[in-house]
Ligand code: E4P
């Protein structure tokens, strides 16, 4: 399972990249606004920090303007992945861009039928928003299960990128279902490393080690 970080904060991205476990980055217009940075400039900087896909979202609603925005965005770096909304114009844009070899992430997916359409449009990634789905009284994980089943039925290559992840259980359930990617806020990724018994265990081992009066040679 690939791990993407869902942020436009450079310090957070650097910290995650240094773990060696980061496979990509997703941004959206709200995250760009939160960063307070110029869209093109911050996207270019992010693309230089990771080898994997960096999603940058179009903001137009019509196909022609989406294509023009995508043209500009894909010049930023080879690892830019164009993010388009799950609308008719978004999927037309997806089809045109992927036919041309450009990576596309179809975002704001809230139903398995939408995911089926995105796969037919050749999407590289489909982004079902599990947290927002849960918030609205639906079951985000049921959506991931349905998409996995449909994609496996028809051997679609589109990767399921679980988005709007709120907590570690979303990550665990996504991994059990076989989702391809989870994009997570930095705090959720940090939380995955932690367990109270790991901390307690380290504390106990170090306490006992101290009683030996030894050190590891050369350190
Ligand atoms: C994914 O690409 C989106 O940027 C993101 O996961 C949205 O999450 P939110 O519901 O926390 O805003």
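We did not get these values from a lab; they are worked out from the coordinates using the rules stated. None of the values given here were measured: they were computed from a predicted structure. With ideal geometry, Cβ positions are generated from the backbone for all residues, glycine too; neighbour counts draw on all protein chains shown.
Scanning the range 19-35 for residues that are assigned to a loop (DSSP other than H, G, I, E, B) and out of contact with any helix residue (DSSP H, G or I) (no Cβ under 9 Å at 6 or more places or on another chain) returns 20, 23, 28.
Answer yes if at least one residue in the range 130-143 is touching a residue at least 60 places away in the same chain (Cβ under 8 Å), under 14 Å from the mean Cα position of the chain (by Cα) and surrounded by 15 or more Cβ atoms within 10 Å (Cβ to Cβ), and no otherwise. For the range 130-143, residues touching a residue at least 60 places away in the same chain (Cβ under 8 Å), under 14 Å from the mean Cα position of the chain (by Cα) and surrounded by 15 or more Cβ atoms within 10 Å (Cβ to Cβ): absent. The lone criterion from (1) crowded, with 17+ Cβ neighbours inside 10 Å; (2) within 25 Å of residue 14 (Cα to Cα) left unmet by residue 177 is number (2).
Entry remark, the range 108-121: residues being over 10 Å from residue 91 (Cα atoms) and within 14 Å of the ligand (Cβ to nearest atom) number 3 in total.
Just one of the listed residues (181, 188, 171) is at negative phi, within 11 Å of the ligand (Cβ to nearest atom) and in contact with a helix residue (DSSP H, G or I) (Cβ under 8 Å, 6 or more places away or on another chain), namely 188.
Which of the residues that make up the range 36-48 are part of a helix (DSSP H, G or I) and out of contact with any strand residue (DSSP E or B) (no Cβ under 8 Å at 6 or more places or on another chain)? The answer is 40, 41, 42, 44, 45, 48.
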